[in-house]
Amino acid sequence: MRWRGAPVDVLLAASAVGLDLLTTWDAGGTGYLPAWMNIPMALLVGLPMGLVRRWPLPVNLYLAVFLILTDQLGSFTSNTAQILSAVAVGVAGYACGWRSTVLAAAAASVAFAVNIADPGIALTANTWMYSLLVPTFPAVLGAYLRSSAGRLEEREVTPDALLAAAGVAITVLSTWTTWHSGTLPVWAVGLLAVVGGLSLGIARRLPGLVFLFQGVLLVFADTYLNQAVNTCLILTLIAIGVFAMRVASWAWTLAAYGTGCLLAAIAVVGPGTDVTALRVGVLMTLVATPIAIGRYLGVRRAAAAAERLRADESARLAVAQVRADQLAERERIARDVHDIVAHHVGAMVLRASAARYAAPEGPVADALADIRETGHQVLEDLRGLLDLLRDPERQPGLLADPADVVRESAERMAAAGLVVDLDLDPATDQAPLVARASAARIVQEGLTNVLKHAGPGTRVRVTVAPAAEGLAVEIRNGRPPTAIERLPSSGRGLAGMRERVRALGGTLSAGPDEDGGWRLFASLPGTARGAA
């Protein structure tokens, strides 16, 4: 078992030991125990509370036996054992199943009865009720906290504020004229009225506890402030309605209904009240009305939540369908592009290969060989592009190391007539792969643009070096040596480079330099940060 929450267990044990020491520190000895045994008895009764969260039933049985033992020894620690036994029964109700909870409550009831049954005191009905109800109450409370109302997800506090305001208005306006007529001080009665009304503000979030509090307040008013009984009954009915709305379990709803009928009977039935079937039916209907309203509102709320879930699921399915359609369209376009371009490039490669074997050795043969190799490379790139369009989430694989691609591009452009000066820093191998791959493509496109627009014989300097967490790429060419006829261009080369760099969150600048040439500079971060 992994011991989690050990500080809580230590705090429970320390609090239990401290409670007994506070109540017995000045107590003397008994006929069986000397005064110095108060400290060991405090440890014996308090330390087991450190284990109650993990082994609630054994701790309950231990405390029941310990309560009987201390009662027979006449130890004042029996009072502490009785309090801790009720706490342990509540923990058992929260952490255990109903069998263990019933066993723990039964053991505590027997121990309470033995503790109360002093010599010469008869076991009356009130004594038995006390022995049964005191352990039963925390057991039911613990079970409720474990399995009743779910967490309220909505953050809207307006209904809570309205409930609290209505509760305070009801209690204050209907009872303030009688605050001075009871045995309690006026300030105490007013405080109870305000707190009782305000408690409705948390009824939606803690329905069981608020219902319990209103029930206790009703019994208290029936005993000490009869003029406020009807007001407390109204608050109790409101609380039971909110309870029925928030708690979906029919078992807990029936339990609340039975408790509500009992509380209503306490408030309505007096010593001289004539109990008839009609009055019983009216009382039961009175309690059933808020429960029916609460259940109706709860069902409507659950239906609205289910409808929202269905709408969200439908939206997700619609998005997924659109994405699937987009992927299918991308795959169709990719297949068409591949078929069209591959056909023409394949024909070009075949013709270049045939001409290569027919041509004599020399520049023409070298140019034809270069055309053939470039065509093969284009076909491989087309296949990679097709795979990428079919699955956009797939990371495109590199056909070669980015540094080799840069060197090959420089060599190919040099063979085509450019005077290329390549400065490739070896430290670029430490840069992220995505930055190196993008730098290689930018060098390829940049050198191609120089050849198109400046022509053979142009001097070009290519620099690829680390910068911050990525790479810096600079391609600078001088003036064309002679006037040339520009080759056809789609005009998309520079735009494509900007898009690539922007996808990584970098920057790209291109334009004439002060010497009459052209300068292209790109800064590539190591990881993509989204388009700017």
Open item on the list: Using the Karplus curve 6.51 cos²θ - 1.76 cosθ + 1.60 with θ = phi - 60°, what ³J(HN,Hα) values do you get for each residue of region 37-50, in whole Hz, with x for Gly and Pro?
Closed with: 6, 4, 5, x, 5, 5, 5, 5, 8, x, 4, x, 5, x
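Using R₀ = 51 Å, calculate the FRET efficiency as 1/(1 + (r/R₀)^6) where r is the Cβ-Cβ separation of TRP55 and LEU297; round to 0.05. Could you put the intermediate results ahead of the total?
Numbers: r = 41 Å, r/R0 = 0.81.
After rounding to 0.05, the efficiency reads 0.80.
With a Förster radius of 41 Å, plug the Cβ-Cβ distance of ARG316 and THR158 into 1/(1 + (r/R0)^6) and report the FRET value to the nearest 0.05. Present the calculation step by step, with values, prior to reporting the outcome.
Details: r = 30 Å, r/R0 = 0.73.
The computed FRET efficiency comes out at 0.85.
Rounded, prolate or oblate: pick one for region 183-286, where a ≥ b ≥ c are the square roots of the eigenvalues of its C-alpha gyration tensor, a/c under 1.5 means rounded, and failing that, prolate if a/b is larger than b/c, else oblate. Walk me through the numbers before you get to the answer.
On the way: a/c = 2.64, a/b = 1.04, b/c = 2.53.
Oblate.
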Open item on the list: Taking θ = phi - 60°, what integer Hz values does the Karplus form 6.51 cos²θ - 1.76 cosθ + 1.60 yield along region 87-104, in sequence order, with x for Gly and Pro?
Closed with: 4, 5, 5, x, 5, 5, x, 7, 9, 10, x, 5, 5, 5, 5, 4, 5, 5
Task: Distance in nm between pseudo-label sites at VAL10 and ALA415 (7 Å out along the Cβ direction from Cα) - done: 7.5
Task: Extension gain, THR183 back to ARG99 (0.36 nm per residue minus Cα-Cα distance, nm) - done: 25.8 nm
TODO: Distance from a point 7 Å along Cα→Cβ of ALA248 to each backbone N in region 275-291: keep the residues under 11 Å and list them by number.
DONE: none
- [ ] First measure r as the distance between the Cβ atoms of ALA117 and LEU73, then evaluate 1/(1 + (r/R0)^6) with R0 = 22 Å and state the FRET efficiency to the nearest 0.05.
- [x] 0.90
TODO: Add +1 for every Lys or Arg and -1 for every Asp or Glu among the other residues with Cβ under 15 Å from the Cβ of ALA239, and state the total.
DONE: +3
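Could you order HIS376, HIS344, HIS453 so the one with the most accessible surface comes first? Probe is 1.4 Å. Walk me through the intermediate numbers first.
On the way: HIS376 100, HIS344 120, HIS453 70 Å².
Result, largest first: HIS344, HIS376, HIS453.
Pull out the extension gain between ASP425 and ILE83, defined as 0.36 nm times the separation in residues minus the alpha carbon to alpha carbon distance; nm, one decimal. If you can, show how the numbers build up before the last one.
Details: separation 342, 0.36 × 342 = 123.12 nm, distance 7.81 nm.
Gain on stretching ASP425 to ILE83: 115.3 nm.
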Open item on the list: With a 1.4 Å probe and all protein chains kept in place, how much accessible area does CYS232 have, in Å² rounded to the nearest 10?
Closed with: 10
- [ ] Quick one: what are the phi-derived ³J(HN,Hα) couplings along region 282-288, Karplus 6.51/-1.76/1.60 with θ = phi - 60°, whole Hz, x for glycine and proline?
- [x] 5, 4, 5, 5, 4, 6, 5
Open item on the list: Could you compute how much accessible surface LEU198 exposes when probed at 1.4 Å, giving the result in Å² to the nearest 10?
Closed with: 90
TODO: Report the full-extension gain for the segment ALA354 to ALA305: residue separation times 0.36 nm, less the Cα-Cα distance, to one decimal in nm.
DONE: 10.5 nm
Open item on the list: Using a 1.4 Å probe on the protein heavy atoms only, what accessible surface does GLU380 show? Give it in Å² to the nearest 10.
Closed with: 80
Open item on the list: Quick check: Cα centre of region 151-224 to Cα centre of region 103-117, how many Å?
Closed with: 34
Open item on the list: I need the shape label for region 217-346. Rule: rounded when a/c is under 1.5, else prolate if a/b > b/c, else oblate, with a, b, c from the alpha carbon gyration tensor.
Closed with: prolate
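According to the square roots a ≥ b ≥ c of the eigenvalues of the Cα gyration tensor, what is the shape class of region 414-475, taking rounded for a/c under 1.5, prolate for a/b larger than b/c otherwise, and oblate for the remainder? Could the numbers behind the result be given before it?
Numbers: a/c = 2.90, a/b = 2.18, b/c = 1.33.
It is prolate, given that a/c is not under 1.5 and a/b is the larger ratio.
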TODO: Calculate the spin-label point distance for TYR224 paired with LEU132, positioning each point 7 Å from the Cα along the beta-carbon direction, and give it in nanometres.
DONE: 2.8
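The values are calculated or read from the model by the stated rules, or taken from the named source; none is laboratory data. Note that the structure is a prediction, hence the values are computed from the model and not measured. Positions of Cβ are backbone-derived with ideal geometry, glycine not excepted, and every protein chain shown enters the neighbour counts. These area figures cover heavy atoms from the full protein model, side chains too; ligands, DNA and RNA do not enter into them. Shrake-Rupley method; radii C 1.70, N 1.55, O 1.52, S 1.80 Å.
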